[in-house]
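Read-outs throughout are calculated quantities, based only on the coordinates presented, and are distinct from any laboratory measurement. Quantities reported herein were computed from a predicted structural model and do not represent experimental measurements. Cβ placement follows ideal geometry from the backbone for every residue including glycine, while neighbour counts extend to all protein chains displayed.
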Amino acid sequence: MKKVLVLLLTICLVLVLITPAAFAKSDQDKPLQASDVELVKKLTLKGPKAPKGKPAAQAATGVLGAQCTGTKYAVIVGVSDYPGTVNDLEYCDDDAQDIYNALTTVYGYSPANIHLLTDSGATFNAIRSAITDIDSVEQAGDEVLFFFSGHGAKDKVDDGDKEAMDESIVVYDNYIWDGQLRAWFSGFATSRIIFIFDSCLSGGMTDLKADGRVIAMACSESGLSYEDAVWGNGQFTYYFADRGMLAGLADKYDNLPAVADVTVEEAFDYAKANCVSQTPTISDSFAKDLLP
């Protein structure tokens with residue numbers, strides 16, 4: 001009888017020591033329950049308007065921060081073709097391709113270290129797997145970039161934060177919430193991470209804020225994001241990556257003569273100066289300017 005009691009007490013002690021946080025972390029690897037999700041669709045314009053002019057405040061300082069000394073990794077996601085047709089977009093897969101082109105042709109990323117996930121390939125599990133894959137190999141001094149273009153959504157979800165309203169990116173088959181993304185990146189060793197979101201409500205992704213991170217977002221926490229056939233892109237990605245990085249038009253500060261040196265902050269400033277009907281926002285916790 002004593003042995004049985006000792007065994008029961010031991011089991012109870014083990015259960016007490018397994019904290020709720022441990023269960024919560026494993027739950028983050030699954031789609032979260034949401035009962036009243038509001039899908040906020042990226043809108044398509046029928047032709048670009050004139051840019052609104054330069055932003056009052058610049059994100060770029062003109063002074064480079066520490067440059068990458070390690071390996072560069074990226075997860076690039078673009079969803080134009082959602083299940084059915086009612087939520088389809090035109091150019092989010094093109095946005096993803098332009099980011100891929102910028103990273104591989106301008107910034108020295110190896111294609112072998114990039115997960116490019118578009119349309120039906122951009123599932124919840126595929127994105128989680130890609131982030132886990134990079135998490136298993138990245139280390140201090142490396143660089144990680146995460147890009148998403150597609151729809152955004154909002155709801156109150158138990159995603160590990162205390163926000164009154166949560167924002168998500170809408171991937172091919174589900175939602176990935178801001179608190180969930182924060183949990184997925186919480187164990188990364190590097191303090192050099194770039195997040196870029198071209199989706200409605202993307203300004204709410206500041207949950208990912210941490211030292212060494214830059215979060216470039218296409219609009220405010222309650223704002224809309226746009227795409228247009230004239231650009232063949234989402235508006236923000238067109239100015240940020242296509243014109244700002246690939247064409248080099250965002251290169252305001254010549255930090256490294258004879259070298260492509262458009263920083264994330266310069267690309268953001270260029271996009272903010274040219275976007276219309278939406279106001280890009282940035283959360284910059286990287287010392288000085290980040291050159292990918």
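At-a-glance table
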| item | result |
| --- | --- |
| In sequence order, calculated HN-Hα J values of the stretch 113-124 (Karplus, 6.51, -1.76, 1.60; Hz; x Gly/Pro) | 9, 10, 9, 9, 10, 10, 6, 5, x, 9, 8, 3 |
| Amide H contacts of Y73 (H built 1.01 Å from N, under 5 Å, at least 5 apart or other chain) | E143, V144, L145 |
| Inter-site label distance for D27 and S220 at 7 Å from Cα along Cβ, in nm | 3.3 nm |
| Magnitude of the charge dipole, the stretch 63-284, Cβ model with Lys/Arg +1 and Asp/Glu -1, debye to 20 | 400 debye |
| By average C-beta atoms within 10 angstrom, highest first, the peptides 169-178, 137-146 | 169-178, 137-146 |
| Computed lengthening from A66 to S186, 0.36 nm per intervening residue step minus Cα-Cα distance | 41.1 nm |
| Cα-based Rg of the stretch 63-284 normalised by 2.2 N^0.38 Å, two decimals | 0.94 |
| Note, ³J(HN,Hα) from phi for the stretch 244-249, Karplus 6.51, -1.76, 1.60, rounded to Hz, x at Gly and Pro | x, 9, 5, 8, x, 6 |
| Per-residue ³J(HN,Hα) for the stretch 223-234, Karplus 6.51 cos²θ - 1.76 cosθ + 1.60, θ = phi - 60°, Hz, x for Gly and Pro | x, 9, 10, 10, 9, 8, 5, 5, 7, x, 8, x |
| Sequence-distant residues sharing a close amide H with Y82 (under 5 Å, placed H) | D88, L89 |
